[in-house]
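Remarks on the structure that follows.
The values are calculated or read from the model by the stated rules, or taken from the named source; none is laboratory data. As the structure is a computational prediction, the values presented were derived from the model and not from experiment. With ideal geometry, Cβ positions are generated from the backbone for all residues, glycine too; neighbour counts draw on all protein chains shown.
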Amino acid sequence: MNQEWLALMIGNSRLHWGYFQGENLRHTWDTSHLKEVINPIRLPNDYLFFDISSTLPLVVGSVISSQTKLWKNYQKFYFIKLEDISLNNLYPTIGIDRALATLGAGERYHFPCLVIDGGTALTLTGIDSDRTFIGGAILPGLKLQFDSLSSQTAALPNINLPNKLGDRWANNTKNAIISGILYTILSGIQRFIDDWLNKYPESKIILTGGDAENLYNYFQQDNYEQLSNLIVDQNLIFWGMRSLYILQL
Ligand SMILES: Nc1ncnc2c1ncn2[C@@H]1O[C@H](COP(=O)(O)OP(=O)(O)OP(=O)(O)O)[C@@H](O)[C@H]1O
Ligand SMILES: CC(C)(CO)[C@@H](O)C(=O)NCCC(=O)O
Ligand SMILES: [K+]
């Protein structure tokens, strides 16, 4: 079946969109949060824009209820709730983005899996081979760490995420901030991964979210010995939505 549908993940800093034909994810893009629902939805297709009819089914996951409410009059609106996710032992307040991403990761790469989502917040979420949630962690994401340091101090400048990891022992302010944040995050995540792989040696480790590519590159520059076990996949949440929605097509 090739029915078209839209997937929308309402994240903390922006909206993440996916355009599907049946099971095939044809296009993904990000936009800023909406003030109102504009009709029709505009799908950026490389340099062109074309409009999607508002009758397309829209599958929505959201961690921001005020953004969800904007869609209440949309015709074919499927809102994903935690109860829809076929994973065991999820705690009631876990973010739907974490649940969807781990579901998508397991469906795509097999369970057990550990998902590391480098978003506004950085989260780790681990699922075992019985699709049971084992546990996870939440910390400020990369950009948030840089932003909060500069906004709460007088002398520390705001810095964009660098491509290069740089020297651990820095000798200017900018590089000291980069070193402090990045080396600390990397060692912390490595400890989580190593611990997880001790328990679940056959597990996949999947990086996703806005910072996934950067994190992978930093791990590479740091010569992380588990690099070959890391996968970058920006579409985990969409794979999770697909596995739920496809049943209804
Ligand atoms: N255009 C962009 N806008 C915002 N963040 C970006 C952008 N490009 C890369 N990033 C990086 O992505 C991170 C935010 O990730 P993402 O967009 O996945 O977050 P999010 O929308 O809050 O999603 P989630 O709520 O699922 O974490 C930031 O730490 C930032 O460094
Ligand atoms: C942790 C975030 C902000 C990551 O996007 C989101 O998943 C969320 O709002 N979670 C709720 C709290 C929890 O997951 O325990
Ligand atoms: K909050």
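Only one of the numbered conditions (1) away from ligand 2 (no atom under 16 Å from the Cβ); (2) not in a helix (DSSP H, G or I) is not met by Leu122, and that is (1). Does Asp128 count as at pLDDT 95 or above, within 16 Å of ligand 1 (Cβ to nearest atom) and among the charged types (D, E, K, R)? Taking the combined requirement at face value, the residue does not satisfy it.
The residue pairs whose first member lies in segment 209-237 and is hydroxyl-bearing (Ser, Thr, Tyr), whose second member is within 15 Å of ligand 2 (Cβ to nearest atom), and whose beta carbons are closer than 6 Å, counting only pairs six or more residues apart or on different chains, are Tyr216/Leu207.
Set side by side, the residues Asp117, Asp167, Asp130 differ, and just one is over 22 Å from the mean Cα position of the chain (by Cα), acidic (Asp, Glu), under 30 Å from Met241 (Cβ atoms) and not in a helix (DSSP H, G or I), which is Asp130. Considering only segment 107-116, I want to know if a residue exists there that is among the aromatic types (Phe, Trp, Tyr), more than 16 Å from ligand 2 (Cβ to nearest atom), assigned by TED's automatic domain parsing to the domain that holds Glu23 and out of contact with any Gly (no Cβ under 8 Å at 6 or more places or on another chain). No, every residue in segment 107-116 fails to be among the aromatic types (Phe, Trp, Tyr), more than 16 Å from ligand 2 (Cβ to nearest atom), assigned by TED's automatic domain parsing to the domain that holds Glu23 and out of contact with any Gly (no Cβ under 8 Å at 6 or more places or on another chain). Residue by residue through segment 51-107, note down the ones that are away from ligand 1 (no atom under 16 Å from the Cβ) and among the hydroxyl-bearing types (Ser, Thr, Tyr). Within segment 51-107, Ser53, Ser54, Thr55, Tyr74, Tyr78, Ser86, Tyr91 meet the criteria. Screening segment 238-249 for residues that are touching a residue at least 12 places away in the same chain (Cβ under 8 Å), of a type in the set (A, V, I, L, M) and assigned to a helix (DSSP H, G or I) and picking the one that is nearest to Gly119 (Cα to Cα) gives Met241. When Thr123, Thr68 are checked against the criterion of being more than 18 Å from Ser243 (Cα to Cα), surrounded by fewer than 19 Cβ atoms within 10 Å (Cβ to Cβ) and either of a type outside the set (Gly, Ala, Ser) or in contact (Cβ under 8 Å) with a residue 60 or more places away in the chain (or both), a single residue qualifies: Thr68.
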